[in-house]
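Heads up, the thing below is written out as C-alpha cells.
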Amino acid sequence: MRKFSSMALGLAAAVIMAPAAALELGSSSELHGFVNQAYMYSPDNPYTGSDSLNGSFKFRELGITGFTEISPEFRLAGQVISRQRDEADDGDARIDFLLADYLFYSNMGATAGVRIGRVKNNVGFYNSTRDIPSARPGFNVPDSIYLGSFRDSILSTDGINFYGSLLFHDNQLSWEFFAGKKEIESERLEYYLYGIPVGKGEFDDLSLQGLNLNFVPAAQRSLKLGLSLLDAGVDLDNPLSVADAQMALFMAGPADVVANLHNYVTGTRIDVLFTILSAQYSYRDWVITAEYMNLFSDLELQIAGVDNNQSNTTEAYYLQVEWLPTPATTWFARYEELYLDKDKRSGGDLISANNPYRGFGKGWSLGGKWMFYPQWTVTGQASFNEGTAWLPSYNGMEKDSIGKYWNYYVVSLTFQF
C-alpha cells in the first residue's frame, strides 16, 4: 500500500509540470487530479492528533481521477486518493470510487441510468463532491452534517446506483437510489458510540441504502431543494464472549467496571436512518445554503450478556452564506449546530472521562478562496467552536484532556488539473 501511495505521489509530481487543464488519453478518455497541502493550527484541542496543537503540515490530499467513454451511453470512471490528517489518516492510497455507468434511457424530457461498482452516494448537497478541494465551500464541508470521522464510509457504496432526471412543466427533478455495503473504520465508530475503543471485536461492513431527490422549480430557477434518506446498519463482529466478560466482571472491582465499561461489551448492533433536508438560493454574487439533518439511531448494546438497548435522535443544521465578488475569489461564513442526542443537548450519557463535551457542537466558520493563478488556489479558514461533537477522532484521543471551547485555523494550497 505504501508503494502504491508513492507511485501516486510520483504521478502527481509529474502532472504538475503539465500546462493542460486535464490529461487527454485519446479522444474519449481523460485524467484529472489535484494536490492539496494544508497547514493546521488548533491550539485548544488536538485536531486529528497532537501535532496540530503547535501547528502542523501533516494535512495533505492527493487524488487522481480518470474516465473513459466506451460509447455515448457507457463509460468507466474511478478515483484513487491519498489523505494524510495527522494521526487520524496515514496517507495510504485507496479507491474512493470505481464504477461502470450505463445511461439506458434518454430523451428531451427524461433520463435514466445505472452505475455498478464503488459508487458515490449523493447525500445532501456536498457528500458526492467533498473529496474534491475545489468543490468544497472552504477547507472542509459543514462538520455538523458531513461528519468527518465517517467520510470514507458515507462517501461511496460498493453496490448499485440507479439515477435519472425528469423535466415536467419546466420543473426539474433529479433522483438517485443506491444500495450496497461499505467497509467501516471500526475504531472511529467505537469512539463515536463509546468514547473509547471496545476491549474486543470490530464492526463488520456497513449495509447502506439511500434515496436522493433534488428539485428546481420552474417559477424560481435560482432555488434548489433537496431531500436525502440514508438507511444503514452494522454489527460488532467477534466481540468478547459472555462467559469471559462475566468472569472479568467477577475479578474486577466496582470502580474498575464503571471506568472501563467498554471492556465488557459482548454485542452491539446499530441501525440508523438519516434524513437531510436541503435548500440553496442563488442571487447575483451570493449563494445561501441551509441543511437540516435528523438521524434516528437504534442501538442494541449488550454488556456482559445483559441487554441495554437505547434509541435516540441526533439533530444538526447549518446556515452558510457565500459571496463571489470575482470569478477568482470566494468568501463564506457559516454557523452550525450538532446535538448527538437532541433531548440531552448538554451531552447526557454521551460524555467521556476526558471529553465531557462530546455530545454537542456549535460553531462559526469564516474563510475564503483565491485562484491566484490558473489551476492554483489558496484557501483560508478560521473556525470557532463550542462542544466537541465533530472534533475528528484518532487513536489516543481518549488520553487527551479535551476543552469545551476550541478554535482552529487552516491555510491550504491546491493545484488541480
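For segment 179-199, give me each residue that is closer than 29 Å to GLY117 by Cβ, in contact with a helix residue (DSSP H, G or I) (Cβ under 7 Å, 6 or more places away or on another chain) and assigned to a helix (DSSP H, G or I). Outline the logic, then answer.
As a first pass, look at segment 179-199 and keep what is closer than 29 Å to GLY117 by Cβ: 179-190, 192.
Then keep just the ones that are in contact with a helix residue (DSSP H, G or I) (Cβ under 7 Å, 6 or more places away or on another chain); that gives 182, 184-185, 188, 192.
Across segment 179-199, the qualifying residues are ARG188, TYR192.
Search segment 110-133 for residues being surrounded by fewer than 19 Cβ atoms within 10 Å (Cβ to Cβ) and among the polar types (S, T, N, Q), and hand back the single one that is farthest from the chain's Cα centre (by Cα). Restricting to residues being surrounded by fewer than 19 Cβ atoms within 10 Å (Cβ to Cβ) and among the polar types (S, T, N, Q), the top hit is THR111. Residues in segment 142-178 that are under 19 Å from LEU225 (Cβ atoms) and without any contact (Cβ under 8 Å) to a residue 40 or more places away in the chain: TYR146, TRP175, PHE177. One residue stands out in segment 206-232 among those that are of a type outside the set (A, V, I, L, M) and over 17 Å from the mean Cα position of the chain (by Cα): the one that is surrounded by the fewest Cβ atoms within 10 Å (Cβ to Cβ), namely GLN220. Restricting the first member to segment 224-243 and to residues that are farther than 18 Å from ILE145 by Cα, and the second to residues that are of a type in the set (Lys, Arg) and surrounded by fewer than 19 Cβ atoms within 10 Å (Cβ to Cβ), the beta-carbon pairs closer than 9 Å and six or more apart or on different chains are GLY233/ARG269; VAL234/ARG269; ASP235/ARG269; LEU236/ARG269; ASN238/LYS200; PRO239/LYS200; LEU240/LYS200; SER241/LYS200.
Here is a check on your reading of the model: is ALA382 surrounded by 15 or more Cβ atoms within 10 Å (Cβ to Cβ), of a type in the set (Gly, Ala, Ser) and either without any contact (Cβ under 8 Å) to a residue 60 or more places away in the chain or over 28 Å from ASP90 (Cα atoms) (or both)?
Values: surrounded by 15 or more Cβ atoms within 10 Å (Cβ to Cβ): yes; of a type in the set (Gly, Ala, Ser): yes; either without any contact (Cβ under 8 Å) to a residue 60 or more places away in the chain or over 28 Å from ASP90 (Cα atoms) (or both): yes.
Spelling it out, ALA382 is indeed surrounded by 15 or more Cβ atoms within 10 Å (Cβ to Cβ), of a type in the set (Gly, Ala, Ser) and either without any contact (Cβ under 8 Å) to a residue 60 or more places away in the chain or over 28 Å from ASP90 (Cα atoms) (or both).
Residues that are under 22 Å from SER228 (Cβ atoms), in contact (Cβ under 8 Å) with a residue 24 or more places away in the chain and hydroxyl-bearing (Ser, Thr, Tyr) do not occur anywhere in segment 341-352.
Readers should treat all values here as calculations from the given coordinates under stated rules, not as data from a laboratory. The structure presented is a predicted model; accordingly, all values stated were derived computationally and were not measured. FYI the Cβ positions are ideal-geometry reconstructions off the backbone, even for glycines, and counts take in every protein chain you see.
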